[in-house]
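Read the structure below first, then the notes.
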Amino acid sequence: MKKRIRRTKRNFQTDKNKLLNKKFKKIHGYDLNLENPKTFSEKIQWVKYHGKLERFSKYVDKYEVRQYVKEKIGEQYLIPLISVFDNVDQIDWNMLPESFAMKANHASGWNIIVEDKTMVNQESAKNKMRKWLQSSYYKLFSEANYRNIKPRVVIEELIKDPSGDLKDYKFFCFHGEPKFIQVDGDRFTEHKRDLFDLDWNKLPLKLKFTNFKQSPLKPAALNEMIQLARQLSEGLPFVRVDLYYTNDRIYFGELTFTPGNGLERFSPRYYDELFGNCLDINRYI
């Protein structure tokens, strides 16, 4: 019986690997090599298998990470917290402000942005959040850093930008040192993305999404943002530090250890290799 169970698990893992290899090649255009990974995308897959990502759970938990940010750079960089709930039925909609952001603490991208709560179907929003709390982001996407997180709903103030498009500045930090900056905008219309070096030179690169027609201007607080990313990534083999900058203020967004699940295509591939050269997977051992 035990042999049969082990065989079933082994077969399941083999099938899972085959599906990943097939998906990886379809997206990236080359075969996945986990024995000798070279590109950034390959190394992220290696990290998912061998990087012991469970140890980083406190950094990706959108509630628990607030304490880490407070200790490392100060609570002035935190988006003001309205409340946190273990149970959706605890949420009193009437007590919430006119606008806010609702997030699943144990996942990435599971958010509800509320500009005007009178225009939102409360029951629909609560049903979505119930589904979040009953779902395992780890089981869905095999990112073990989300494995041991107690599911909660985090409600924060909604930060806005005068332009109407709040940019997301994402710093790729290797071994505690920022190297590249990804800027995302138009997130809820036609998602745009550009990448830069630390001197704000645009890289001739497309990473999954279309480039901006007009590249975002360098934020006035770029040097401070780079330093904050350096502090937040200290001692970590790789992490992407996400920050916002609006109304002359910097806000912490999140920490990401497996950007895009390693399944976002670099075009041209040269940059997949360039980013990969920066990541020493031996740092995970």
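The values are calculated or read from the model by the stated rules, or taken from the named source; none is laboratory data. Everything numeric here is computed off the predicted structure, so don't read it as measured data. Quick reminder, even Gly has a Cβ in these numbers, built from the backbone with ideal geometry, and neighbours come from all protein chains shown.
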Inset, instruction - Could you check Ile226 against (1) touching a residue at least 60 places away in the same chain (Cβ under 8 Å); (2) aliphatic (A, V, I, L, M); (3) under 21 Å from Lys72 (Cβ atoms); (4) outside any loop (DSSP other than H, G, I, E, B) and say which number it fails? - result: (1)
Legend entry - Set Phe188, Phe171: member being assigned to a strand (DSSP E or B) and in contact (Cβ under 8 Å) with a residue 40 or more places away in the chain: Phe171
Legend entry - Every pair of residues 6+ apart whose Cβ atoms lie under 6 Å, when the first sits in region 42-63 and is crowded, with 20+ Cβ neighbours inside 10 Å while the second is charged (D, E, K, R): Lys62/Lys103
Inset, instruction - Would you mind finding the one in Glu71, Glu54, Glu98, Glu42 that is among the charged types (D, E, K, R) and not in a helix (DSSP H, G or I)? - result: Glu98
Inset, instruction - Please state which one of Arg240, Arg249 is at pLDDT 95 or above, surrounded by 18 or more Cβ atoms within 10 Å (Cβ to Cβ), not acidic (Asp, Glu) and not assigned by TED's automatic domain parsing to the domain that holds Tyr138. - result: Arg240
Legend entry - Filter result (in a strand (DSSP E or B) and touching a strand residue (DSSP E or B) at 6+ places or on another chain (Cβ under 9 Å)) within region 229-251: Phe238, Val239, Arg240, Val241, Asp242, Leu243, Tyr244, Tyr245, Ile250, Tyr251
Inset, instruction - May I ask you to list pairs of residues, at least six apart or on different chains, whose Cβ atoms are under 6 Å apart, with the first in region 72-89 being closer than 17 Å to Lys150 by Cα and the second being hydroxyl-bearing (Ser, Thr, Tyr)? - result: Val84/Tyr63
Legend entry - Residue count, region 56-89 (criterion: out of contact with any strand residue (DSSP E or B) (no Cβ under 8 Å at 6 or more places or on another chain) and either at positive phi or of a type in the set (S, T, N, Q) (or both)): 5
